[in-house]
Amino acid sequence: MESRYTPSAIESKWQQAWAEQQLAKTPTDSDKPKFYALSMFPYPSGNLHMGHVRVYTIVDVIARLKRMQGFRVLNPMGWDAFGLPAENAAIERNIHPAKWTYANIKQMQQQLDQLGISFDWDKQVTTCSPDYYKWTQWMFLQFVQAGLAYQKEAVVNWDPIDQTVLANEQVDGEGKSWRSGAKVERKLLRQWFLKITDYAEQLLQDLDQLDGWPERVRLMQANWIGKSTGAQVTFKTEAGDDLVVYTTRPDTLWGASFMVISPEHPLVEKLTTAAQAEAVKAYQAAAAAKSEVDRTAEGKEKTGVWTGAYAINPVDEAKIPIWIADYVMMDYGTGAIMAVPAHDQRDFEFAKKFDLAIKAVVQPEGETLDGKTMTAAWSGGGTMTNSGPLDGITAGKEVGQSVNAAIQWLEDQGRGNGTVNYRLRDWLISRQRYWGCPIPIIHCPDCGAVPVPDDQLPVELPEDVEFSGKGSPLAKLDSWVNTSCPSCGKPAKRETDTMDTFMCSSWYFMRYPDAQNPDQVFKPEVGNDWMPVDQYVGGIEHAILHLLYSRFFTKVVRDRGLLICDEPFKRLLTQGMVQGKTYKNPNNGQYVIPQDITDFDNPTDPKTGEALITVYEKMSKSKHNGIAPSDVVDKYGADTARMFILFKAPPEKDLEWDDADVEGQARFLSRVWRLVSESGVKGTNGQFKLPKAPTKAEKELRRAIHTATQEITDDLTDDFQFNTAVSELMKLSNALSDFKTKDSLVYSEGIHTLLLLLAPFAPHIADELWHNLGNRESIHLQRFPIAEADALVADEITIVIQVMGKTRGTIEVPATSSKAEIEDLAKNSDIAQKHIAGKTIKKTIVVPGKLVNFVAV
C-alpha cells in the first residue's frame with residue numbers, strides 16, 4: 001500500500017467514482033426513515049468563499065452521517081440566481097445577466113464537487129430558470145386567489161442610483177443602500193404587497209414549536225413581529241375628520257397635549273391651514289429626502305411643523321394642536337400618535353423644542369412631577385393623577401391596572417376599544433428592475449388587474465432588452481408590455497415590476513424533493529413525505545426576513561392544501577463567520593495588504609510608518625484578509641480544508657483562520673494515512689471478529705474504540721460539536737498508534753472503526769484507505785458504528801494512592817470493587833506499605849473510583 005498521502009490524486013479519483021456511483025442520489029422508494037438536510041442556497045457569484053466552505057461542509061457531514069445511520073437522505077443544492085448583482089454585472093461587462101449567472105453556476109458547482117460535498121445534483125434548482133420561476137409565479141397567484149396579494153400606493157425606500165425599491169432591511173444604519181451605497185430617498189409608488197400580517201399571530205405563536213432553533217433567533221422573530229396590546233382611540237379634528245391612534249398606554253390619554261402625524265398622512269393637505277401651507281410643503285419635501293433610518297434614529301434632533309389645525313382629546317374634550325414630524329412613519333401603526341411628553345422621552349424632547357404643554361398624569365411614589373420643571377420624561381410606575389376616572393389607580397404598563405382600567409372606560413364610553421397591534425408590516429415584493437421573476441398580472445382598463453392564466457405560465461423575461469442601470473428595461477420594451485387582457489381580450493399592459501428575490505427563496509425547499517416535475521409545483525405526496533426540513537444550516541443574517549417569509553409561505557401553502565406541516569424547518573443551526581487576520585491602521589481606518597508588511601511581529605503602515613493593529617475580522621476583499629478555498633484545496637486537499645473548518649471552532653461561533661492549524665490537520669490526516677497503510681490490517685467489509693479471551697491491552701483499546709464511537713455520535717446528534725468530535729478521532733488514532741499487537745482482531749476493529757468514524761469528515765481519504773484495506777463497497781455505503789455498552793465498561797480502574805495528601809503512586813483495582821475492598825487493596829499495596837510501614841493510620845479517606853488517602857503518624 002502506498003505509504004505517502006497525496007490528497008490531490010486521491011480526491012480527484014474518488015470524486016469521479018462518486019459521480020459514477022451516484023452515492024448522493026436521493027432515494028425515491030424506501031421504507032427507511034427520511035432525513036432532509038438543507039443548507040441555505042447561495043447567490044452564484046462565481047467563486048466560493050470560506051463562509052460557503054463552512055456551511056456546506058457542516059451540512060455534508062450531517063448528511064453523510066445520516067446515510068450511514070440508515071436514513072434515506074435528501075441533500076439538495078440550488079442557486080438564488082435573480083437579483084441586482086447579476087444585472088449590474090451585465091451593465092458593467094456588457095453581457096446578459098443569464099449568461100453571467102449560468103457561467104458562475106457552472107464554476108461554483110465544480111468548486112463544490114472539489115470539496116466532496118455530497119449534493120444530489122439531480123434535485124438542483126435555479127431561480128432564474130423558467131422551469132423554476134414558472135412556479136414562483138404560480139405561487140404568487142395562489143396568494144392572489146387567497147386574497148393575500150394586493151396593490152396600493154405606498155411610501156417606499158428608493159435607491160436613486162439603482163432606480164429600485166429597497167426593503168427597510170436593505171438600508172444600512174447611515175440610511176444608505178446596501179448595494180449601491182446611495183443615500184436612500186422616500187418615494188410614493190404603487191406597489192404589490194403580500195398580506196403577511198394576516199398570519200402575524202400564527203407566526204408568533206408557532207415559534208413555540210421551534211425548540212430546535214436557537215433561542216436568539218426565535219426572540220429576533222418575536223421582536224420583529226412585535227405584538228403589543230393597547231387601545232385604538234379616535235381623535236376628532238375641529239373640521240370633524242377622524243384621526244385614529246393606537247397606543248399601548250391609553251392610561252396616559254389625559255396627559256396628551258398635542259398630536260403628531262406623519263408627513264405622508266392623507267389628511268395633511270386637508271388639515272393644513274393657508275398660513276401654514278408653505279411651511280408644511282417644505283417640511284414634507286425635506287422628509288421625503290430622508291431614509292427611515294434618518295427619521296427614526298435614537299437621539300436624533302426632533303424636527304416638525306404645525307399644521308395650524310387642532311384635534312379634540314376624546315377623554316377630556318381638550319383642544320390640542322396637530323403637528324407634523326418625520327419621526328412618525330405612515331407605514332407604522334396609523335401614521336398618527338397622541339403625544340404625552342411627560343411620559344415619553346421622544347415626545348418630551350419635541351415638546352421642549354417647540355414649547356408645547358407637558359402635563360404629568362403619573363406621579364412616582366414620594367415625588368410630585370411638574371411639567372414646567374421636569375428635565376426628562378417619567379416612564380416608570382406610580383399613581384394616576386389628573387386623569388378623571390383613573391385618579392388614584394396604580395399606574396404602569398407592567399402592572400396593567402391603569403391600562404386595563406383605561407381600556408374599560410374607553411369601551412364603556414364608546415370612545416375607543418382595546419386592540420392588539422403588530423410591528424410587522426405587509427411584505428412589499430415589487431422591484432423596478434429586470435433580473436427578477438416577472439409578476440404575472442395584466443392590467444386591463446376595463447377588468448383591472450387580471451392574473452395570467454396558469455396555462456400561460458411562465459411569463460418569461462424577454463432577452464432583447466437594453467440595460468442602462470436606470471429603472472426597469474421591461475417598462476421600456478413595448479413589444480413585451482403590450483398584450484391583450486386574458487379576461488376580455490382588449491388591449492392591455494403587463495405588470496413591469498419584478499418580484500423581490502425573497503419570493504424565490506421563500507419556497508425553494510419545497511421544490512427540491514420534486515425538482516424536475518414539469519406539471520406541478522410538487523406532488524403533495526412527495527412534499528409531505530420530505531417536509532419539513534429536518535436540519536437547516538445558514539447565516540444568522542437571515543434570522544429574520546428569509547426565515548420569517550419561509551414560515552409565512554409554508555403556512556399559506558398548507559392552507560392551500562399542498563402541505564400538512566405548520567413549519568418548514570424543524571432544526572436550525574446558524575453558523576458563525578470565518579474571520580481572517582487583518583492589519584489595520586487605527587488612525588485612518590485603512591487596511592493594509594499583508595504582502596506589503598515586512599515585520600509581522602511589529603507591523604507598520606508602509607505608507608505612513610504608523611503602527612498597525614492586528615485583528616480578526618470577517619473575510620473580505622476590502623480588508624485584504626480573504627483566503628481562497630481553491631488555494632487551500634490545491635495546497636492541502638479538500639479533506640484538510642474540511643477538517644480545519646470543523647475542528648477550529650464550534651459551528652455557531654466565529655472561526656479565526658490560522659495557517660498553523662490548517663497544517664496541523666494536514667499532519668493529522670498524514671498520520672492516519674501512515675497508520676492504516678502500515679497496519680497490515682485486511683478488509684473485513686465491516687464485519688469484525690473478536691478474540692475469545694482478550695488481553696488487558698485489547699480490552700483497553702476496545703474501550704477506546706467504543707468511547708470514541710459514543711462521543712462522536714453524541715457530538716453529531718444534538719449540538720453538532722464537530723470540533724470535539726475531531727478531537728475524539730485524534731484520541732482514537734493515538735490509541736491505535738500506541739497499540740503494539742498489530743495482528744490483534746481488536747486492532748483490526750479499531751482501524752476499520754477509525755475510518756468509518758472519519759468518513760463523514762474526510763470522505764476522500766477515508767474511502768481510499770477503506771478500499772486499500774481490501775473492502776469492496778464504498779465506505780459511505782457502510783453503517784456508522786454503534787458503541788457497545790459492554791465495551792465501554794472497564795474491568796479495572798486506576799486508583800491514586802496518597803499519604804498525608806501527597807500522591808505516592810497508583811494501583812489497578814477491579815472496577816466492581818466496593819469502598820471497603822478499595823481501601824483494603826490500597827492499604828496492602830506495595831506503594832502504601834512503603835510509606836505507612838511502622839506508622840499508625842489515624843484516618844482513611846476513600847473517594848470511589850479516584851483515590852485513597854491515608855492520614856498516618
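All of the numbers you see were taken from the coordinates with simple rules; none came from a lab. This structure is a prediction, so every number in the text was calculated from the model and none was measured. Note that we place each Cβ from the backbone using ideal geometry, even for glycine, and neighbour counts take in every protein chain shown.
How many nm is it between the label spots at ALA815 and GLU466, if each spot is 7 Å from the Cα in line with the beta carbon?
So the two model labels end up 8.2 nm from each other.
State, to one decimal in nm, how far the label point of THR840 lies from the label point of GLU617, with both points 7 Å from Cα in the Cβ direction.
Between THR840 and GLU617, the simple spin-label model gives 7.4 nm.
Which of GLY436, GLN205, ALA787 sits closest to the plus end of the dipole of the chain, meaning its Cα is farthest towards the positive end, when Lys and Arg get +1 and Asp and Glu get -1 on the C-beta?
ALA787
With everything on Cα atoms, drop me the angle between helix 84-93 and the longest principal axis of the chain, reported from 0 to 90° to the nearest 10.
90
Could you tell me what fraction of 2.2 N^0.38 Å the Cα radius of gyration of region 167-293 comes to, as a two-decimal ratio? Write out the running numbers ahead of the final one.
Numbers: Rg = 19.3 Å, N = 127, 2.2 N^0.38 = 13.9 Å.
Ratio of Cα Rg to 2.2 N^0.38 Å: 1.40.
How long are the semi-axes of the ellipsoid equivalent to region 796-856, from square roots of 5 times the Cα gyration tensor eigenvalues, in whole Å, largest first?
Numbers: eigenvalues 63, 24, 20 Å².
Each semi-axis is the square root of five times an eigenvalue, giving 18, 11, 10 Å.
How compact is region 578-656 by the rule of thumb for globular proteins, expressed as Cα Rg over 2.2 N^0.38 Å? Numbers along the way, then the final one.
Details: Rg = 14.4 Å, N = 79, 2.2 N^0.38 = 11.6 Å.
Normalised Rg, Cα atoms only: 1.25.
Please arrange ARG511, ARG216 by counting, for each residue, the other beta carbons lying within 10 Å of its beta carbon, fewest first. Write out the running numbers ahead of the final one.
On the way: ARG511 22, ARG216 12.
Taking fewest neighbouring Cβ atoms as first place, the list is ARG216, ARG511.
For the pairs LYS227/LYS319; LYS176/LYS270; LYS682/LYS742; LYS134/LYS176; LYS34/LYS689, note any where the Cα-Cα span goes beyond 23 Å. Write down the numbers at each step before the final one.
Working: LYS227/LYS319 31 Å; LYS176/LYS270 33 Å; LYS682/LYS742 11 Å; LYS134/LYS176 33 Å; LYS34/LYS689 32 Å.
Going by Cα-Cα distance, LYS227/LYS319; LYS176/LYS270; LYS134/LYS176; LYS34/LYS689 fall outside the 23 Å limit.
Tell me, in nm to one decimal, what length is gained between THR248 and THR375 on full extension, where the rule is 0.36 nm per residue of separation less the Cα-Cα distance? If you can, show how the numbers build up before the last one.
Details: separation 127, 0.36 × 127 = 45.72 nm, distance 2.34 nm.
Net length gain for the segment: 43.4 nm.
Write down the Kirkwood hydrodynamic radius of region 680-792, to one decimal in angstroms, obtained as one divided by the mean of 1/r over all alpha carbon pairs.
Values: mean 1/r = 0.0706 Å⁻¹.
Its Kirkwood hydrodynamic radius stands at 14.2 Å.
What is the extension gain from ASP241 to GLN401, computed as 0.36 nm multiplied by their sequence separation minus the C-alpha to C-alpha distance, in nm to one decimal? Kindly include the intermediate steps, with their values, before the conclusion.
Values: separation 160, 0.36 × 160 = 57.60 nm, distance 3.17 nm.
Taking ASP241 through GLN401 to full extension adds about 54.4 nm, to one decimal.
So what's Rg/Rh here for region 314-375, counting alpha carbon atoms and using the Kirkwood radius for Rh? Before the final figure, lay out each step's value.
On the way: Rg = 13.0 Å, Rh = 13.1 Å.
Here the Rg-to-Rh quotient is 0.99.
Given R₀ = 41 Å, what would the calculated FRET efficiency be for ALA794 paired with LYS635, taking r from the Cβ atoms and rounding to 0.05?
Numbers: r = 43 Å, r/R0 = 1.04.
FRET efficiency, ALA794 to LYS635: 0.45.
Using a Förster distance of 51 Å, how high is the FRET efficiency between GLU301 and ALA146, based on the Cβ-Cβ distance and rounded to 0.05? Please list the in-between numbers first.
On the way: r = 45 Å, r/R0 = 0.88.
Rounded to the nearest 0.05, the efficiency is 0.70.
Nearest 0.05, what FRET efficiency do ASP412 and CYS447 give at R0 = 56 Å with Cβ-Cβ as r? Before the final figure, lay out the partial values.
Details: r = 48 Å, r/R0 = 0.85.
For R0 = 56 Å, the calculated efficiency reads 0.70.
For helix 722-738, what angle does its Cα long axis make with the longest principal axis of the chain, in degrees from 0 to 90 and rounded to 10?
The two axes meet at around 10 degrees.
Quick one: angle between helix 659-677 and the longest Cα principal axis of the chain, in degrees between 0 and 90, rounded to 10, please.
40
So for PHE647, PHE509, PHE193, fewest C-beta neighbours within 10 Å to most, what's the order?
PHE193, PHE647, PHE509
Exactly which trypsin sites (Lys or Arg not before Pro) in region 339-399 are in a DSSP loop and have at most 12 other Cβ atoms within 10 Å? It would help to have the intermediate numbers written out before the result.
Details: sites: ARG346, LYS352, LYS353, LYS359, LYS372, LYS397; in loops: LYS359, LYS372, LYS397.
Loop-located and lightly packed - LYS372.
For a quick check: with amide H placed at 1.01 Å from N, whose amide H comes under 5 Å from GLY626's, ignoring anything fewer than 5 positions away on the same chain?
Close amide H contacts, sequence-distant or interchain: SER620.
How far, in nm, would the chain grow between LYS523 and SER484 when pulled straight, counting 0.36 nm per residue and subtracting the alpha carbon separation?
Between LYS523 and SER484, full extension yields 10.8 nm more.
Over 30 Å between Cα atoms, which of LYS66/LYS555; LYS13/LYS692; LYS300/LYS372; LYS281/LYS493; LYS32/LYS106; LYS302/LYS653 qualify?
LYS13/LYS692; LYS281/LYS493; LYS32/LYS106; LYS302/LYS653
Could you list, bin by bin from short to long, the percent of Cα-Cα pairs of the chain in 20 Å steps?
12, 34, 31, 18, 5, 0
Say each of GLN16 and GLN107 gets a label point 7 Å from the Cα, pointing the same way as Cα to Cβ; how far apart are those two points in nm?
For GLN16 paired with GLN107, the spin-label model returns 2.5 nm.
Would you mind counting up the charge near ALA762? Only other residues with Cβ under 12 Å from its Cβ, with Lys and Arg at +1 and Asp and Glu at -1. Can you show the working numbers first?
Values: positive: ARG64, ARG642; negative: GLU11, ASP60, ASP639, ASP767, GLU768.
Local charge sum for ALA762: -3.
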